[in-house]
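A.B. asks: I have a structure here, written as structure tokens, and I will follow up with some questions on it.
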Amino acid sequence: MTILKTKFSKGAAIALLAGATALTSFSAYAASPMAGETLAADQTYTYRMLDGFPSLDPQLVEDVNGSDAARDLFEGLMNQDDDGNLIPGVALSYEATEGNTVYTFKLRKSNWSNGEPVTAKDFVYAWRRAADPKTASPYQWYMDLMSIKNVAAVIKGDMDPSELGVEALDDYTLQVTLSTALPYFADMTAHTTTFPTHQATVEEFGTEWTRPENMVGNGAYKLTEWVLKERTTRVRNTEYWDNENTILETVISMVISDENVALTRYLAGELDKTEVPAGQYPALKESNPAETFSFPRLCSYYYTFNLSDTGPEAFKDQRVRHALSYAIDRNVISEQVLKGGQYPAYTFTPGATAGFEVPTVPYGTWTQAERDAKAVELLAEAGYTKENPLKFDMLYNTSEGHKKVAVVMSQMWKQKLGVEATLANQEWKTFLEVRGKQDFEMARGAWCGDYNEASTFLDLLTTESGYNDGKWSNARVDELMASAKTSSNAGVNYTEVEQIMAAEMPVIPVYHYTGVLMINEQLKGWPLSNVQQKFYSRNFYKVAK
Amino acid sequence: MLKFIVKRVASAIPTLLLLILFSFVMMRLAPGGPFTSERALPVEVLANINAKYGLDQPWHIQLWRYIEGLIFHLDLGPSFKYKDRSVNDIIAQGFPVTMTYGLWSFAVAVVVGMSLGIMAAVKHNTWLDYIAVGISIGAQVLPNFIMAPILVIIFTLWLGWLPGGGWNGGQWNHVIMPVIALSTSYMASIARLTRGSMLEVLNSNYIRTAKAKGLPMRTIIFRHAIKPSLLPVMSYLGPAFVGMVTGSVVIDIYFSTGGMGQFFVDAALSRDYSLLMGITVLFGAMTILFSTIVDILYAWLDPKIKL
Amino acid sequence: MISMNRKKRDEVVDNLSNMDLVEGTSLWKDAYLRFMKNKAAVTGLILLVLMTLLAFIGPYFTPWDYQSIDWSLIGNAKDGGAPQIANRHYFGIDDLGRDIFARTMQGTQISLMVGFVGTAVAVFVGLFYGAIAGFVGGRVDNIMMRFVDILMSIPIMFVIIIFFVVFGRSIFLLFMAIGMFAWMDMARIVRGQTLAIKNKEYIEAARAAGVSGIRLITRHVIPNLLGIVVIYTSLLIPSLILTESFISFLGLGIQEPLTSWGALINEGAGQMRYGVPWQLGFPIAFFVVGMFCFFFIGDGLRDALDPKDK
């Protein structure tokens, strides 16, 4: 539930750095059936979503599902391939000059779904629109992150959007001027906020421009039906530049709130893809081995201590934090509670992160019996006994899965250490408010990488981070993370940060996520190795039974 | 009669205003806001969004603007969660869905429930009676959040007869399961009520007289017994109808119908202030409307009651 | 007359009340006899008493409590968690290795409590509100009943949802929220009855004797409303338990590790297809039996106390 929007792949960009000043160009990418595969007559892909799209306006989209659909309906300058590498979209190539502060994109000749050409002006319009205070996009911060010249002033309303550092040199050349050097800028253009929008349509229909009857897009699919909280249908857009390599004809998303009903409907053959309910992966892997998948994702699940002034005195004692972390048997949680192949976590950053080597931390190598013994010892040293038990509230947001983990953790503490942890669950918005105001003792946290690089996780624990709700502060960590930004060997910094965290235990890492899916055997092309799970429906195809 | 209706409408307006005030204040008291997110938005961005939705204004101005828009333009404002839609749009899409399966459920509950009740009363103390009573109590205590997934398992997974959810513009095969799941417990209540009041009527002196006169049972029931025995059932139907519409949360969740029930719960949870108030007003108005209709029908059925 | 001393006045009133009491006793006695003749109602009552006793005594007959995890079975509910005597999980375990018997007992306690406490709140508020409105009459009555009308046109379930969202969750709130929104019907019924009782001779006599308004309401009006209150209460309890289960379904009810019928059933329903039938079966059996009992008792009481039915 706390899955964040995936943004851009920094790792890939860094790999491209060497050739950044040269003209960079790529080969195209599309659905590619293997030899011997017979295509099914019905090329319809139907998948389950937990909730309906709040918006399909590329500049306003902020959720994962919405981004998935927007990638089908619109196309930005850059795309990702199945492994998360950067490949061309509307841009044929780009050139970074002036020390990575000026980016020039060469666009291909392509059309909107109404037959008009897609030009650099459409991008200029969309980007100004995204930064315009009148649009009030929650993703203005993303435009800010892109460091486009004058963006902060535009967002504040001090400058007109036309002064944003983006211009169309001609119909097929887009030039962006940045305020700071960003080697990975091109990767950021794979994100929906930067997708082009058709000015005439937006201006004619206002907020209603995203209705199926009004929408003009440049993606591989066109929206033909959008019933809020029920379904959307997208069909092949024959004006799309790579239409001939698209196989899938129709994409249908169905909103099904209950994961168990979704699974029933999947098994009844109504869906091609759904999520596996918590705890059911082993049974389904046994009964439907060819359809059940578990693969690593870029997300980390943890509990954070409130170390601010409002937090309990007990947690300021490092021994207490260690004892509580040691007493959690992470194998039980991943293997016997969640059962979806989740990775027990002793460090913060998931091992699946590109270029990140999981450092060895002492307690990660102990047996659980050793950890338990140490926990009992430390807690006794800190002055807590069965007669004088440690008591605190543990806060989590309402969800079946979070409840299970919280119940098991609290019982581990109770039975091993005599600690009395009171469970408190709150619905999402209340939870965010309470946690954000440090009005808690211990709270659940989770983070999914914005981009595929370790700093997306470790930055969270720096003093200034907006997501550091436990308010842990360590000068050395701040320093290491700051120097990592410019370091050519940031891995060393990350290792040291993880070691400091293991030594001070400001949060209790619990597990690293996996994606656990049921995918119809007939459907091919799902990007299981894209840890950010950015998929493009046009890369899928269905084979005959 | 006319005076009664005018009076009801006149009193409905302050009631609805109170309801708006209540949900307005409650929503503002709730922790978090529509734009509270996991990663706190930068101050400038939040300011832009608040300005767009008028949330930068003081409370009383927001409230006044809302009421003004509602009264003068019948405009319930933009949804805060669904950024491409207005509350009017959402209601225009979801309300017909809710009404469709709500009305069908109502019809099924009334027809089946009454038939069952009348049959049980007429065949009082026979095995038919016992079965009817057993079914109706059983149906009444089985929560519909149990029945809904069971229906999907049976009709979709095992038999493959019906789609397991969705609405598809109200195609008949998408409507059946929601109607069964929603109508069952109401049907049971109606059956029990009908049976009780029918028994009472059948034991009354005038029916005994009719029987003594040798009138056929069918005539007695349809000419003389049904109308008076409808009275207690009638007073149940108004709340039952509103209940079917508000109780539709479960139906919307399990059958993904896109109806109003789930929109309401989600609006409360995601702090979509305007959508929540819009639906509250809508259902408040519905409640008043249907209780008025019931009162009128009541007067029609029982000449002793004056409006 | 005015100088009639207090003692004498009380005597008069007591006599009048006693007269009423004699009449009342025979009414209650008749009702009791009628009720005892109703087999379904008596069976329901006995079952309910047994269930209540079991809910409170049962936990002493198992080594497991409602929150402890059986570490040897956690995550293995399907293969090793079926009900059995050997490991003393009489009803089996849930997917976290917790004992269903202990949890069902605990859930039964909470659900019955919600039913009874919620109803108590509703009856208390409704009784006084209705009695005062009916007894005082006139403009006060008009305003008070107008207010009830307004409250009744509010979609209650929606308000309860908003309540839980605003005030968070606690058992206390659960009792209050459920009870506070169920009193309006009670108030209406009581008001109607009060209007009827108000004009009876003994009330007029008591009033003539100078008994104060409040004392009249508490001592004379309310006791005479008991019949209707008992009937209504027996109908209200199951509907409040159902309401609680709906709130649990929305994930807004009771706080883990505590549980309730609704929460247990909802959890079990999620596991319906995963080979652990006991996780839904036992809680729902208790729930259904409990509901049946309340319905039969309610019917029995209505037949017994409402003579015009016969």
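A.B. asks: So how tilted is helix B:127-141 from the main axis of chain B? Cα-based, degrees 0 to 90, rounded to 10.
C.D. replies: In chain B, helix B:127-141 runs at an angle near 10 degrees to the longest axis.
A.B. asks: Follow-up question, since we're still on this one. Starting from the Cα gyration tensor of chain C, take the square roots of the eigenvalues, sort them a ≥ b ≥ c, and report rounded, prolate or oblate (rounded when a/c is under 1.5, otherwise prolate if a/b is larger than b/c, else oblate).
C.D. replies: It comes out prolate by the Cα gyration axes.
A.B. asks: Something else: Hey, could you grab the Kirkwood Rh for segment A:325-445? Inverse mean 1/r over distinct alpha carbon pairs, Å, one decimal.
C.D. replies: 15.9 Å
A.B. asks: Right, here's the next one. Which translational diffusion coefficient, to the nearest whole µm²/s, is obtained for the protein assembly as shown from the Stokes-Einstein equation, given a Kirkwood hydrodynamic radius over C-alpha pairs, 37 °C and 0.692 mPa s?
C.D. replies: 99 µm²/s
A.B. asks: OK, next. Can you pull out the cysteines in the protein assembly as shown that have no other Cys Cβ under 4.7 Å?
C.D. replies: C:C293
A.B. asks: While we're looking at this one, here's another question. What is the fewest-to-most order of C:F175, A:F53 by other Cβ atoms lying within 10 Å of their Cβ?
C.D. replies: C:F175, A:F53
A.B. asks: I've got another one for you. Once the Cβ-Cβ distance between C:A208 and C:F147 is put in as r, and R0 is 35 Å, what FRET efficiency do you end up with, to the nearest 0.05?
C.D. replies: So, using R0 = 35 Å, E works out to roughly 0.65.
A.B. asks: Round to a whole angstrom and tell me the spacing of the C-alpha centers of segment A:103-130 and segment C:62-116.
C.D. replies: When both Cα centres are located, 61 Å separates them.
A.B. asks: Counting alpha carbon pairs within less than 8 Å and at least 6 residues apart, what relative contact order, in whole percent, applies to chain B?
C.D. replies: Reported as a whole number, the value is 26 percent.
A.B. asks: Treating the angle as unsigned and between 0 and 90°, give the value, to the nearest 10°, between the Cα long axis of helix B:172-202 and the longest Cα principal axis of chain B.
C.D. replies: Helix B:172-202 and the main axis of chain B meet at about 50 degrees.
A.B. asks: Run through all the Cα pairs of chain A and give the fraction in each 20 Å bin from 0, expressed as whole percent.
C.D. replies: All Cα pairs, binned at 20 Å, distribute as 20, 51, 26, 2 percent.
A.B. asks: So what is the relative contact order of chain A, in percent, for Cα pairs below 8 Å that sit 6 or more residues apart?
C.D. replies: Relative contact order here is 21 percent.
A.B. asks: Which trypsin sites (Lys or Arg not before Pro) in segment A:367-399 pass both tests, a DSSP loop state and at most 12 other beta-carbon atoms within 10 Å?
C.D. replies: A:K386
A.B. asks: Take a quick pass over chain C and tell me how many lysine pairs come in under 30 angstrom between Cα atoms, counting only ones 8 or more apart or on separate chains.
C.D. replies: Lysine pairs meeting the criterion: 18.
A.B. asks: Starting from the Cα of B:K7, draw a straight line to each of the lysines and keep only those under 21 Å, dropping any in the same chain fewer than 8 residues away.
C.D. replies: Correct list for B:K7: B:K304, B:K306.
A.B. asks: For n ≥ 4 DSSP H runs only, could you compute -39500 (n - 2.57) per run for chain A, divide by its residues and tell me the 222 nm figure to the nearest 500?
C.D. replies: So the helix-based figure for chain A works out to -8000 deg cm²/dmol.
A.B. asks: How crowded by other chains is A:402-408, given as the mean number of beta carbons from other chains within 10 Å of each beta carbon?
C.D. replies: Per-residue shielding by partner chains comes out at 4.
A.B. asks: While we're here: Scan segment A:79-169 for trypsin sites (Lys or Arg not before Pro) in coil per DSSP, keeping those whose Cβ has at most 16 other Cβ atoms within 10 Å, and list them by number.
C.D. replies: A:R108, A:K109, A:K134
A.B. asks: Sticking with this structure for a sec: Only counting other Cβ atoms within 10 Å, I'd like A:E208, C:E244, A:E239, A:E370 sorted with the fewest neighbours first.
C.D. replies: With the sparsest Cβ surroundings first, the list reads A:E370, A:E208, A:E239, C:E244.
A.B. asks: Another one. Order of B:F72, B:F24 from fewest to most other C-beta atoms within 10 Å?
C.D. replies: Neighbour counts put them in this order, fewest first: B:F72, B:F24.
A.B. asks: Considering the dipole of the protein assembly as shown built from charges on the beta carbon (Lys and Arg +1, Asp and Glu -1) around the Cα centre, which of B:G134, C:L252, A:A31 is farthest to its positive end?
C.D. replies: It is B:G134.
A.B. asks: Choose one of A:A120, A:G206, A:L164: the residue whose Cα lies farthest towards the positive end of the charge dipole of segment A:62-219 (beta-carbon charges +1 Lys, Arg; -1 Asp, Glu; about the Cα centre).
C.D. replies: A:L164
A.B. asks: A further question on this structure: Of A:V320, A:V276, A:F295, which is farthest on the positive side of the dipole of segment A:272-360, counting Cα position, with +1 on Lys and Arg Cβ, -1 on Asp and Glu Cβ, and the Cα centre as origin?
C.D. replies: Looking along the dipole axis, the top candidate is A:V320.
A.B. asks: If I model a spin label at B:N88 and A:E400 as a point 7 Å from the Cα along the Cα→Cβ vector, what separation in nanometres do I get?
C.D. replies: 4.0 nm
A.B. asks: Which whole-number percent is the relative contact order of segment A:475-545 (Cα, under 8 Å, 6+ apart)?
C.D. replies: Relative contact order comes out at 21 percent.
A.B. asks: How many nm separate the modelled label positions at C:S72 and C:F124, each set 7 Å beyond the Cα in the direction of the Cβ?
C.D. replies: 4.7 nm
A.B. asks: For the protein assembly as shown, give the magnitude of the charge dipole about the Cα centre (Cβ charges: +1 Lys/Arg, -1 Asp/Glu; no others), in debye to the nearest 20.
C.D. replies: Dipole about the Cα centre, nearest 20: 5540 debye.
A.B. asks: Now for a different question. Only helices at least 24 Å long along their axis, Cα-based, and averaging -1.0 or more on Kyte-Doolittle count here, so list those DSSP H runs from chain A.
C.D. replies: Those that pass (Cα extent of 24 Å or more, hydropathy at least -1.0) are A:400-417.
A.B. asks: Would you calculate the convex hull of the Cα atoms in segment A:176-215 and tell me its volume per residue in Å³?
C.D. replies: 94 Å³
A.B. asks: Shifting gears a bit: Would you mind working out the magnitude of the charge dipole of chain A relative to its Cα centre, with +1 at each Lys and Arg C-beta and -1 at each Asp and Glu C-beta, to the nearest 20 Debye?
C.D. replies: In debye, rounded to 20, chain A gives about 800.
All of the numbers you see were taken from the coordinates with simple rules; none came from a lab. If you're wondering where the values come from, they're calculated on a predicted model, not measured in any experiment. Note that we place each Cβ from the backbone using ideal geometry, even for glycine, and neighbour counts take in every protein chain shown.
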